[in-house]
Amino acid sequence: MKRIVVLAKQVPDTANISGDAMKADGTVNRAALPAIFNPEDLNALEMALTVKDRIGAEVHVITMGPPKAVEILKHALYMGADYVGLITDRRFAAADTLATSYVLAAAIKKIGAVDLVLAGRQAIDGDTAQVGPQVADKIGFNQVTYVSALREVNDNYLIVERDGEVQTEVIKAAYPVLLTVCAEANTPRFPNCRRMLRFFRLDMNDNTGIIPVINMDDLALAEERCGLKGSPTRVHKIKSIMLKGGELKMYGTDVTDIRQLVRDIMKDYVEVG
Amino acid sequence: MKSVVFIEKNPVTKRLRNVSLELTYKAYTLSHPQGSEVVGVFCGEALPEDSDRLFQFGMDRLLYHTDQRLAQLHSLAYKQVLEAMIRAEKPEIVLFGATHTGRDVAPLIASSLKTGLTADCTQLYTDEYKDRGKILYQMRPAFGGNILATIVTPDHRPMMATVREGVMLLPEEHLQNPVRMEEFAIDFNDIWLKSEFMEIIPKVKKVDLAAANIVVSGGAGVGNRENFRLIRELARALGGEVGASRAAVDFGFIEKDHQVGQTGSVVRPKLYIACGISGQIQHRAGMEESQKILAINKDPEAPIFNIAHMGIIGDLNEIIPVMLRYLKEEV
Ligand SMILES: Cc1cc2nc3c(=O)[nH]c(=O)nc-3n(C[C@H](O)[C@H](O)[C@H](O)COP(=O)(O)OP(=O)(O)OC[C@H]3O[C@@H](n4cnc5c(N)ncnc54)[C@H](O)[C@@H]3O)c2cc1C
């Protein structure tokens, strides 16, 4: 039976910025955004569960984040994950992708005997797509990024399609391997009602032990490689993007106005003849 | 500050990808004022047919390693070869295209070199930083495009960044650097070849949005696939390309390769016409830099009007047919 680790992240829902999350100056109030399961990590989890359905597997879902990230681990349990782990420690705060991958790689090594690691292609808050490959590098796995379909899976290898921009690559990859999964690869299943009832009341570190909390010492990590200390990059400045108001010339919807609009376009932009 | 630029070939056309030229020129503007070199690094089964062009955009030297086994993207092999080249050159800046190849390999190399990598930069410049002297300032959108962050890598070298195609501009005039290509030797190890490429299916890409002078885009407001004909007709009448918002693609009005925005193409045409597009941040990320923007939308409050230069409030299904009629008259 294969052992699969899915890397998941809780992210602010940057896509649905409602009125409540907008400040008066037109910038986004990040604290007011709802936190969600990173969409493409759901596709990674779905792929893990598909592999489990087809050939049998033990599916672990781990996340590094603040305590409230326990919400996505519960969601993973509802969908069918066998084991989850919340990797949390104040000393992990402000980690860039290098420091994050260091921690996640250690957690995967600690689980041990892992055949397959699945991650979403990218997270919607940072869009870097770097953590997956950087984990692969640290655990010494082969990787296939931009996986857009799972064609075949058996005990020895997977056959996947990779979106190579100008071409689709059909790749046979033996275990162990790390895949980063795109949204088009599958449709994540709904949470299972019975599992929801079973896991609904759980919290991290409760007496069931189903959602263990893992900290820096549990993973025997070097503090100088974690969090801000272990991050080569620094955020120097942040600017909220505001709509830039240009001079706007409005046209009416009268045919004469539209004719004027067409003339203006033609005059300036169309190379006639 | 010496720069290394990852040079990429389009596997279908066998020619350079535009992003390689764009980054070469960007590196030239970063390194050349300080008297430093721009070095390209390439690996693959054969050099791009038009490699010489790099030297018209500021390249000083191109290091290459060619091997039949590198015909496809074997991540580990690419990482080994490119990392060896970077270690040999000891640059301060390393730039990769934020392509599906660059975004596959660059993080592996940054992990191995234990240095910083900033994804999808939209601006790069050098400036003083505390007592470190000049370093690279890397600006990128984050948070779904709602913020613009400036990222620095103060204490690690090289400072690595990826940039999407179409973001950095090419110069009007060509440079005339002498062509210098050097083969880079490395002991190739077959254990780097872990994936088996069973089949390569070229995608038929019909649209070249980045090159178009005029882009006419339709969004959810177009309503249905049938109405999208109006967008195509307007584009044809103006000699432009057809673009779309993600909502239009998701509704199946048009194919994905027409999508403009954060997860589509980045365009900066002379004229961008947004029809029935609200102008969400992810869409704007792909078209904001257009020279002129015309918005056609029935909602006067639509955010697209905040960045538009010309606007018309109304139903596109009524407005576009009238435009088409007058366009035919004008020609
Ligand atoms: C991670 C992520 C990446 C994304 N990437 C992209 C991307 O690359 N590109 C992209 O476009 N989006 C992207 N999106 C989606 C984006 O957030 C918006 O959902 C999308 O751009 C909305 O498309 P739209 O403007 O066509 O639709 P809507 O927002 O639904 O707007 C439709 C507009 O049409 C107008 N309208 C309706 N009927 C008419 C009519 N008859 N005549 C005139 N006007 C009419 C309405 O007033 C409205 O303003 C992304 C989202 C996420 C989360």
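The values are calculated or read from the model by the stated rules, or taken from the named source; none is laboratory data. All of these numbers come straight from a predicted model, not from anything done at the bench. A quick note on method: Cβ atoms are made from the backbone with ideal geometry, for glycine too, and the neighbour counts reach across all protein chains shown. In case anyone asks, the SASA skips ligands and DNA or RNA and just uses the protein heavy atoms, side chains included. Shrake-Rupley method; radii C 1.70, N 1.55, O 1.52, S 1.80 Å.
Sort out which residues of the stretch A:80-99 are within 11 Å of chain B (Cβ to nearest Cβ) and touching a helix residue (DSSP H, G or I) at 6+ places or on another chain (Cβ under 9 Å), and write them in order of number.
A:Thr97, A:Leu98, A:Ala99
With the requirement that a residue be assigned to a helix (DSSP H, G or I), among the charged types (D, E, K, R) and in contact with a helix residue (DSSP H, G or I) (Cβ under 9 Å, 6 or more places away or on another chain), what does the stretch B:47-71 give you?
B:Arg53, B:Arg69
If we scan the stretch B:306-314, do we find a residue that is more than 8 Å from chain A (Cβ to nearest Cβ) and more than 12 Å from B:Gly218 (Cβ to Cβ)?
No, the stretch B:306-314 contains no residue that is more than 8 Å from chain A (Cβ to nearest Cβ) and more than 12 Å from B:Gly218 (Cβ to Cβ).
Among the residues of the stretch B:73-111 satisfying the criterion of being of a type in the set (Ser, Thr, Tyr) and within 14 Å of B:Ser195 (Cβ to Cβ), which is nearest to the other protein chains (Cβ to nearest Cβ)?
B:Ser75
Looking at A:Leu98, A:Leu49, A:Leu77, A:Leu73, can you tell me which residue is modelled with pLDDT of 95 or more, assigned by TED's automatic domain parsing to the domain that holds A:Met204, closer than 30 Å to A:Glu224 by Cβ and open to solvent by less than 10 Å² (accessible area, probe 1.4 Å)?
Going through A:Leu98, A:Leu49, A:Leu77, A:Leu73 in turn, the sole match is A:Leu73.
Going through A:Val84, A:Val59 one at a time, which residue ends up being in contact with a Lys or Arg (Cβ under 6 Å, 6 or more places away or on another chain), farther than 30 Å from B:Thr115 by Cβ and open to solvent by less than 20 Å² (accessible area, probe 1.4 Å)?
After applying the criteria, what remains is A:Val59.
Filter the stretch B:79-119 for residues that are of a type in the set (Asp, Glu) and surrounded by fewer than 24 Cβ atoms within 10 Å (Cβ to Cβ) and give the result.
B:Glu83, B:Glu89, B:Glu92, listed by residue number.
Which residue, of B:Ile273, B:Ile281, B:Ile319, B:Ile254, is more than 8 Å from the ligand (Cβ to nearest atom) and at the interface with chain A (Cβ under 9 Å from one of its Cβ atoms)?
Exactly one residue qualifies, and that residue is B:Ile273.
Examine the stretch B:139-160 for a residue that is away from chain A (no Cβ under 11 Å), β-branched (Val, Ile, Thr) and under 29 Å from B:Tyr64 (Cβ atoms), and state whether such a residue exists.
No: zero hits.
Name every residue in the stretch A:216-233 that is loosely packed, with under 15 Cβ neighbours inside 10 Å and more than 30 Å from B:Glu92 (Cβ to Cβ), in order of residue number.
If the condition is that a residue be loosely packed, with under 15 Cβ neighbours inside 10 Å and more than 30 Å from B:Glu92 (Cβ to Cβ), then A:Asp217, A:Ala220 are the ones that fit.
In the list B:Arg69, B:Arg53, which residue meets the criterion of being touching a strand residue (DSSP E or B) at 6+ places or on another chain (Cβ under 7 Å), within 25 Å of A:Gln167 (Cβ to Cβ) and surrounded by fewer than 18 Cβ atoms within 10 Å (Cβ to Cβ)?
Going through B:Arg69, B:Arg53 in turn, the sole match is B:Arg53.
Any residue in the stretch A:245-257 that is more than 7 Å from chain B (Cβ to nearest Cβ) sitting within a Cβ distance under 6 Å of a residue that is surrounded by 14 or more Cβ atoms within 10 Å (Cβ to Cβ) and modelled with pLDDT of 90 or more? List the pairs, counting only those 6 or more apart or interchain.
Taking only residues 6 or more apart or on different chains, the pairs are A:Asp257/A:Tyr251.
Return yes or no: is B:Glu128 away from chain A (no Cβ under 13 Å), open to solvent by 30 Å² or more (accessible area, probe 1.4 Å) and under 21 Å from A:His236 (Cα atoms)?
no
Considering only the stretch A:108-122, state which residues are of a type outside the set (Val, Ile, Thr) and buried (at least 24 other Cβ atoms within 10 Å of the Cβ).
Across the stretch A:108-122, the qualifying residues are A:Leu118, A:Ala119, A:Gly120, A:Arg121, A:Gln122.
Count, please, the residues in the stretch A:53-109 that happen to be under 30 Å from A:Asn154 (Cβ atoms) and in contact with a Pro (Cβ under 7 Å, 6 or more places away or on another chain).
Selection size over the stretch A:53-109: 4.
Take the residues in the stretch B:230-246 that are within 14 Å of the ligand (Cβ to nearest atom) and more than 14 Å from chain A (Cβ to nearest Cβ); name whichever of them is farthest from the chain's Cα centre (by Cα).
B:Ile231
Looking at B:Lys9, B:Lys26, B:Lys14 in this structure, which one is closer than 18 Å to B:Val94 by Cβ and open to solvent by 20 Å² or more (accessible area, probe 1.4 Å)?
Checking each option against the conditions leaves just B:Lys26.
Restricting to the stretch B:213-226, what's the tally of residues that are part of a loop (DSSP other than H, G, I, E, B) and within 12 Å of the ligand (Cβ to nearest atom)?
Final tally of qualifying residues: 3.
Please count how many residues of the stretch A:118-140 are within 14 Å of chain B (Cβ to nearest Cβ) and more than 26 Å from A:Val235 (Cα to Cα).
2
Checking B:Arg268 against (1) at the interface with chain A (Cβ under 7 Å from one of its Cβ atoms); (2) open to solvent by 10 Å² or more (accessible area, probe 1.4 Å); (3) in contact (Cβ under 8 Å) with a residue 60 or more places away in the chain: exactly one of these is not met. Which one?
(1)
Looking at B:Ile313, B:Ile296, can you tell me which residue is within 11 Å of the ligand (Cβ to nearest atom) and surrounded by fewer than 21 Cβ atoms within 10 Å (Cβ to Cβ)?
Selected residue: B:Ile313, the only one of B:Ile313, B:Ile296 that is within 11 Å of the ligand (Cβ to nearest atom) and surrounded by fewer than 21 Cβ atoms within 10 Å (Cβ to Cβ).
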